[in-house]
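Derivation of every value follows stated rules applied to the coordinates shown; laboratory data play no part. This structure is a prediction, so every number in the text was calculated from the model and none was measured. Positions of Cβ are backbone-derived with ideal geometry, glycine not excepted, and every protein chain shown enters the neighbour counts.
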Amino acid sequence: EKGGYDHFMLKEIYEQPSVIKDTYRGRLLANQGIIKMSGLEDNLSKFTNADRIIIVACGTSWHAGLVAEYIFEDLARIPVEVEYASEFRYRNPVITEKDVVIAISQSGETADTLAAIKLAKQKGAFVFGVCNVVGSTISRETHAGSYTHAGPEIGVASTKAFTTQITVLTMIALRLANVKGTISQSDYMLQLRELESITSKVEEALQSEPKIKEIAQVFKDAANFLYLGRGYNFPVALEGALKLKEISYIHAEGYPAAEMKHGPIALIDEQMPVVVIAVNSNHYEKVVSNIEEIKARKGKIIAVVTEGDTQVKQLADYIMEVPATPESLTPLVTTIPLQLLSYHIAVMLGKNVDQPRNLAKSVTVE
Ligand code: F6R
C-alpha cells in the first residue's frame, strides 16, 4: 500500500535511496573496484567490439537513455545513439551485427520498444534489456540484460524507475570503461565509491521537500514552464518538464540551455518560470550566463544548485539545493527536486497524481 504517504508517486519518490541501493547491491563492490552483472559479463566482448550502441526507449526511459549517452561516451568512449523506439522502427534504420542495441523499459511491455528490438534482432544486432518488471516481454525477447530493482512502480508518472535505470546504465558504462582502459584506475575507484554513496545524497536531496513545496505554492498557477540544463543535466530538464506536464497538465518544455537564444527566449517575460539546473559542472559559467539572459528579460528563475553555491544563489529567485557529486552522477540528485516540484504543484491543483488523465502505466498499443 501507500505506506503512510498520500500518493504512490510520493512513496516511490521517497523509495529512491533504497531502490538505488537494491539496484547496485551485490553488483558494485566499491572497495574492491568490482562491478559484476552477469548479463554484462557473459557478453562483454559484444560490447567492447561494438562499433556503437543504439539505445531505444520511450518517454522517461528515453530520457534515461539520453543520460546514458553522456555517460557511455564520456567514460567508455563508445559512440551512442539514442532513439525514440517509435521513430527507429519505422524508418528503415541502418543496423548491423556490429551494433549493440540497449532497450530500456520499466514495464518491459511497451509496444514500440518491443517492435524496435524485434527489428534490431532481425538485422543481427545484439540486444540487451534494462527492464524493471521481471519476466516481462522485453526482458524475454532480449538476448541478455540487467534488471533495475525498483520494485513495483504504481504511480503512472515514472520516478524510481528512472533513477534505477540510470544506476544500471552507469554501472555498465563504468565496467566497460574499466575493461577498455578509457578511465584511469583512480577515477574508476572514485566513481565507484561515489556511486555507492549516492543513496545518502539522494536522501539529502529529499530533505528539501518543505522548501520545494513553498516554491510550488508560488508557481502553481503558471500557464507554462521552461526547464533548462546542459550536458548530463539536459535530459534531466526534459524529464522535469515531462513530469510537470503529465501530472499537473501545465505546459512545460525542456531545452538545452544554450538553445534558448535560438528561439525559446522569445517566450520569456515576467510570467515565465524557468527551472534551471545549475549545479557545479564544466558548464557552470555558461549556465550562469544563460541565467543572466533570462533575468534580463524578467523571467523567474528557479535554480537547482550545488550546496554551498553562491553565484547562482544571488541571481535566482528561488533555489533548490542538492549535494555535490561527480558530474556524471549529478542526474541522480538533480532529478529529485524536479520530481517533488511537479508532485506538489499537481497536488495543489487537485489533480489525480497517481492516475493522470489519458495516461496508462504501460503503453501496449503502437
Ligand atoms: C512518464 C512515463 C512514460 C513511460 C513510457 C515508457 O512518466 O511513465 O513516459 O516512461 O511510456 O514506459 P516503459 O519504461 O515501461 O517502457
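One table, with the values for the structure above:
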{"item": "In the stretch 243-264, residue farthest from the ligand (Cβ to nearest atom) [restricted to those that are farther than 21 Å from W62 by Cα and exposed (fewer than 14 other Cβ atoms within 10 Å of the Cβ)]", "result": "K261"}
{"item": "From the options K98, K36, K11, K2, residue that is surrounded by fewer than 21 Cβ atoms within 10 Å (Cβ to Cβ) and under 23 Å from T334 (Cβ atoms)", "result": "K11"}
{"item": "Test set (1) in contact with a Gly (Cβ under 8 Å, 6 or more places away or on another chain); (2) charged (D, E, K, R); (3) away from the ligand (no atom under 16 Å from the Cβ) - K298 fails condition number", "result": "(1)"}
{"item": "Every residue from the stretch 89-133 that is charged (D, E, K, R) and away from the ligand (no atom under 16 Å from the Cβ)", "result": "R91, E97, K98, D99, K121, K123"}
{"item": "Hits in the stretch 32-63 - residues which are closer than 18 Å to I104 by Cβ, among the small types (G, A, S) and either part of a helix (DSSP H, G or I) or away from the ligand (no atom under 16 Å from the Cβ) (or both)", "result": "G39, A50, G59, S61"}
{"item": "Of all residues in the stretch 77-88 being touching a strand residue (DSSP E or B) at 6+ places or on another chain (Cβ under 9 Å) and more than 14 Å from the ligand (Cβ to nearest atom), the one that is nearest to G181 (Cα to Cα)", "result": "I78"}
{"item": "The stretch 112-138, residues that are hydroxyl-bearing (S, T, Y) and buried (at least 23 other Cβ atoms within 10 Å of the Cβ)", "result": "T113"}
{"item": "Counted residues, the stretch 109-142 - those being in contact (Cβ under 8 Å) with a residue 40 or more places away in the chain, closer than 25 Å to T163 by Cβ, touching a strand residue (DSSP E or B) at 6+ places or on another chain (Cβ under 6 Å) and in a helix (DSSP H, G or I)", "result": "3"}
{"item": "Unmet criterion (only one of (1) touching a strand residue (DSSP E or B) at 6+ places or on another chain (Cβ under 9 Å); (2) crowded, with 24+ Cβ neighbours inside 10 Å; (3) part of a loop (DSSP other than H, G, I, E, B)) for E153", "result": "(1)"}
{"item": "Sole exception among (1) away from the ligand (no atom under 16 Å from the Cβ); (2) in a helix (DSSP H, G or I); (3) aliphatic (A, V, I, L, M) for L66, by number", "result": "(1)"}
{"item": "Selected residue (criterion: surrounded by the most Cβ atoms within 10 Å (Cβ to Cβ)) from residues of the stretch 156-188 that are of a type in the set (A, V, I, L, M, F, W, C) and over 25 Å from L75 (Cα atoms)", "result": "A157"}
{"item": "Residues (over 15 Å from F8 (Cβ atoms) and either of a type outside the set (A, V, I, L, M, F, W, C) or within 14 Å of the ligand (Cβ to nearest atom) (or both)) located in the stretch 345-359", "result": "G350, R357, N358"}
